[in-house]
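Novice: Have a look at this one.
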Amino acid sequence: MDEAALRKQLARWYKRNARDLPWRRTRDPYAIWISEIMLQQTRVAAVIPHYQRFLARFPDAAALARASEAEVLTAWSGLGYYSRARNLRKAAQAIAEGGGFPADYESIRELPGVGDYTAAAVASIAFGLPHAVVDGNVRRVIARLANNGQVDVQGAAARLMDRKNPGRSNQALMELGALVCLPREPLCGACPVARQCEAHRRGTQAELPPKRPRGEVRRIRVVLLAIRKQGKILLTPSERVRGFWDLPEPFPGARASSECGSFRHSIMNTQYVFEVREATTDRAPKGGKWWDEARLPEIPLSTIAKKALRRLAY
């Protein structure tokens with residue numbers, strides 16, 4: 001593998017083909033950090049509007065540190081994996097206490113919720129520090145370049161990285177995986193480094209990297225109750241996502257009536273079918289609270305609750 005030639009080819013390709021994404025228009029480490037946390041397990045198209053709204057609401061670490069957990073969860077709602085939002089707030093508090101965003105890899109890595117990948121991404125993109133990133137895209141590109149599913153990806157990424165411009169170099173490798181070296185049907189005809197790709201030469205692209213076995217899928221049916229009176233709706237603390245509110249499930253004293261609709265929702269390896277029913281009750285269950293329906297946008301409603309409310313006729 002001619003690493004010097006690969007670096008040049010990737011840099012030229014990235015200059016012509018890089019997507020214009022909002023977090024690429026800044027060197028602000030706070031904004032870059034927010035984008036990297038949001039992009040974990042979430043598609044770019046889904047992240048963009050959330051990223052823009054989140055930065056408008058919390059423009060810096062001090063603003064995020066001052067916010068309550070409920071405010072942060074409400075702003076994060078729709079992105080899932082809510083431990084990310086809780087860790088963001090904890091990290092923002094550490095940043096505010098420290099007097100500013102840490103400017104070295106080790107200190108960034110110590111922030112709550114920050115792993116090797118995120119620390120390397122922020123360090124290289126915001127501060128120009130020579131730390132190679134390894135995400136799923138990079139892992140796939142390097143495994144195919146080497147035609148080896150057991151290759152030392154971190155070491156190979158470090159050798160491929162342009163130490164004079166590590167941020168651009170890291171982003172180029174990730175972008176190649178996102179746009180060209182796709183998991184199922186790689187676009188080898190459009191790849192700037194296809195001639196140096198050992199998997200392309202041997203026709204083994206589809207086999208690399210080795211696929212991880214999936215866990216067993218659980219399927220669960222759940223009834224949710226829509227209990228409303230005098231402009232208020234009964235909600236209970238979510239049992240699936242801590243810190244959020246859900247429509248209650250059947251409880252003693254609740255009287256369910258007509259079905260409003262149903263929907264599917266997946267959390268990790270669990271596939272739910274939720275059935276929404278109108279209901280009445282004389283008293284709320286333990287932990288339940290009557291909320292003014294006009295205030296629902298202000299509270300952290302779970303995605304499941306939002307889907308359920310869309311089934312109701314107002």
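Novice: What pairs in K232/K306; K229/K306; K232/K307; K90/K289; K211/K307 have C-alpha atoms more than 25 Å from each other?
Specialist: On the way: K232/K306 15 Å; K229/K306 19 Å; K232/K307 18 Å; K90/K289 27 Å; K211/K307 32 Å.
Pairs exceeding 25 Å: K90/K289; K211/K307.
Novice: Calculate, in nm to one decimal, what D20 and S68 gain on full extension: separation in residues at 0.36 nm each, minus their alpha carbon distance. Let's see the in-between values first.
Specialist: On the way: separation 48, 0.36 × 48 = 17.28 nm, distance 3.25 nm.
Here the segment from D20 to S68 would lengthen by 14.0 nm.
Novice: Note down the relative contact order for the chain as a percent, whole number, built from C-alpha pairs under 8 angstrom at least six residues apart.
Specialist: Values: 487 pairs, mean separation 50.5, N = 314.
Result for the chain is 16 percent.
Novice: Can you give the FRET efficiency to the nearest 0.05 for V217 and A11, using r as the Cβ-Cβ distance and R₀ = 41 Å? Before the final figure, lay out the partial values.
Specialist: On the way: r = 42 Å, r/R0 = 1.03.
According to the calculation, E is roughly 0.45.
Novice: Express the Stokes-Einstein translational diffusion coefficient of the range 1-109 in µm² s⁻¹, to the nearest whole number, given a Kirkwood radius over alpha-carbon pairs, 10 °C and a viscosity of 1.306 mPa s. Before the final figure, lay out each step's value.
Specialist: Numbers: Rh = 15.4 Å.
It diffuses with D of about 103 µm²/s by this estimate.
Novice: Averaged per residue, what accessible area in Å² does the range 21-177 show with a 1.4 Å probe, protein chains only?
Specialist: Details: 6470 Å² over 157 residues.
About 41 Å² of surface per residue is accessible.
Novice: When the accessible area of the chain is split by element with a 1.4 Å probe, what percent falls to carbon and sulfur?
Specialist: Values: 8000 of 16650 Å².
Ligands and nucleic acids excluded, carbon and sulfur reach 48 percent.
Novice: In whole Hz, what ³J(HN,Hα) sequence does the range 201-217 give by Karplus (6.51, -1.76, 1.60; θ = phi - 60°), x for Gly and Pro?
Specialist: Residue by residue, the range 201-217 yields 5, 9, x, 10, 3, 5, 8, 10, x, x, 7, 7, x, 7, x, 5, 8 Hz.
Novice: Oh, and also: How would you classify the range 231-291 from its alpha-carbon gyration tensor, with a ≥ b ≥ c the square roots of the eigenvalues: rounded for a/c under 1.5, else prolate if a/b is greater than b/c, otherwise oblate? Intermediate results must be reported in sequence, preceding the final value.
Specialist: Numbers: a/c = 2.16, a/b = 1.31, b/c = 1.65.
Judged from the Cα gyration tensor, the range 231-291 comes out oblate (a/c at least 1.5, b/c at or above a/b).
Novice: Report the antiparallel proportion of the DSSP beta bridges in the chain as a percent, rounded to a multiple of 5.
Specialist: Details: 18 of 29 bridges.
If we restrict to bridges inside the chain, about 60 percent are antiparallel.
Novice: Sticking with this structure for a sec: So what does the Cα-only Debye profile of the range 90-133 read at q = 0.19 Å⁻¹, as log10 I(q)/I(0), no solvent term?
Specialist: After summing over all Cα pairs, the log10 values are -0.50.
Novice: Can you list residues whose amide H is under 5 Å from G261's amide H, if they're 5+ apart or on another chain and H is modeled 1.01 Å from N?
Specialist: For G261, whose amide H was placed from the backbone, the distant partners under 5 Å are V276.
Novice: Now a separate question. Apply 1/(1 + (r/R0)^6) to the Cβ-Cβ distance of A56 and S83, taking R0 = 25 Å, and write down the FRET efficiency to the nearest 0.05.
Specialist: Working: r = 23 Å, r/R0 = 0.93.
Once the sixth-power term is evaluated, E becomes 0.60.
Novice: Next up: For the range 164-245, evaluate the Debye formula with one uniform point scatterer on each Cα (no solvent term) and list log10 I(q)/I(0) at q = 0.14, 0.21 Å⁻¹, rounded to two decimals.
Specialist: For the range 164-245 at q = 0.14, 0.21 Å⁻¹, log10 I(q)/I(0) is -0.71, -1.06.
Novice: For the range 8-20, in order, what is each residue's ³J(HN,Hα) by Karplus, 6.51 cos²θ - 1.76 cosθ + 1.60 with θ = phi - 60°, in whole Hz (x at glycine and Pro)?
Specialist: Computed from phi, the couplings for the range 8-20 are 5, 5, 5, 5, 5, 5, 5, 4, 8, 10, 4, 6, 8 Hz.
Novice: Output wanted: per-residue J couplings in Hz (rounded whole) for the range 247-261, from phi through Karplus 6.51 cos²θ - 1.76 cosθ + 1.60, θ = phi - 60°, x for Gly and Pro.
Specialist: Karplus-based 3J(HN,Hα) across the range 247-261 equals 5, x, 8, x, 9, x, x, 8, 10, 7, 10, 6, 7, 9, x Hz.
Novice: Taking the range 42-90 on its own, what percent of its Cα-Cα pair distances exceed 16 Å? Let's see the in-between values first.
Specialist: Details: 378 of 1176 pairs.
It works out to 32 percent of all Cα pairs.
Novice: What whole-number distance in Å separates the alpha-carbon centres of the range 211-261 and the range 81-157?
Specialist: 36
Novice: Beyond 33 Å, what share of the Cα-Cα pairs of the chain is found? Please give it as a whole percent.
Specialist: Numbers: 19625 of 49141 pairs.
Of all Cα-Cα distances in the chain, 40 percent exceed 33 Å.
Novice: Mind putting a number on the dipole of the chain about its Cα centre? Charges go on the C-beta only, +1 for Lys and Arg and -1 for Asp and Glu, and I need it in Debye to the nearest 20.
Specialist: On the way: 51 positive and 31 negative charges, 156 e Å.
Dipole about the Cα centre, nearest 20: 760 debye.
The values are calculated or read from the model by the stated rules, or taken from the named source; none is laboratory data. This is a predicted model, so every value here is computed, not measured. Backbone-built Cβ (ideal geometry, glycine too); neighbour counts: all protein chains shown. Note: areas computed on protein heavy atoms with side chains; ligands, DNA, RNA excluded. Shrake-Rupley method; radii C 1.70, N 1.55, O 1.52, S 1.80 Å.
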